[in-house]
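Step one of this worksheet: look at the structure below.
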Amino acid sequence: QVQLVEAGGGTVQAGGSLRLSCAVSGRTFSRYTMAWFRQAPGKEREFVAAVSRSGGKTYSADSVKGRIAISGDNDRNTVYLSMNSLKPEDTAAYYCTIGDPIVHLSDYKPDYWGQGTQVTVSS
């Protein structure tokens, strides 16, 4: 059984920083893509960022580029989401996912989801 365990959410003032982590357990993956999605109350879920295990290529949504970055630790099967200059509109539940390797971001389809971690940015 694959498990994704997120950590690092919380409440921060606008302009502050947080780092989310997501650890994968239950299976050994040699090649995969991991990605973060978020969902704010009353809004649709949206893609935030992704990283490819093989090669380390990263992808980010335009709305977070320059402020939020994804990185991976292959030895620990863990992915991180470093968030800086946070804005109230970044408030959402953040979900970690894992899926097959991709060539294009549009190919990504999550196979497993974490339980989510809440990020609240106060103004």
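Details
- Largest accessible area first, the listed residues SER106, SER71 line up as SER106, SER71 when surface is computed with a 1.4 Å probe on the assembled protein chains.
- Based on alpha-carbon atoms, the Kirkwood radius and the radius of gyration of the range 1-108 give Rg/Rh equal to 0.95.
- Amide H contacts of VAL48 (H built 1.01 Å from N, under 5 Å, at least 5 apart or other chain): TRP36, PHE37, ARG38
- Taking the accessible area of the range 1-109, probe 1.4 Å, and keeping the other protein chains in place, the carbon and sulfur fraction comes to 44%.
- Ordered by 1.4 Å accessible area with all protein chains kept, ARG76, ARG67, ARG53, ARG31 run largest first as ARG76, ARG31, ARG53, ARG67.
- For a label point 7 Å along the Cα-to-beta-carbon line of VAL5, residues of the range 78-113 with backbone N under 19 Å: 78-81, 94-98, 112-113
- In percent, rounded to a whole number, the relative contact order of the chain is 34, using alpha-carbon pairs under 8 Å and six or more apart.
- C-alpha center-to-center spacing [the range 30-49, the range 72-86] in angstrom: 14 Å
- The count of lysine pairs in the chain whose Cα atoms are under 19 Å apart, excluding pairs fewer than 8 places apart on the same chain, comes to 4.
- Using the 1.4 Å probe convention, the accessible area of the chain works out to 53 Å² per residue with neighbouring protein chains retained.
The values are calculated or read from the model by the stated rules, or taken from the named source; none is laboratory data. Just so it is clear, the model here is predicted, and its values are computed rather than measured. Backbone-built Cβ (ideal geometry, glycine too); neighbour counts: all protein chains shown. Note: areas computed on protein heavy atoms with side chains; ligands, DNA, RNA excluded. Shrake-Rupley method; radii C 1.70, N 1.55, O 1.52, S 1.80 Å.
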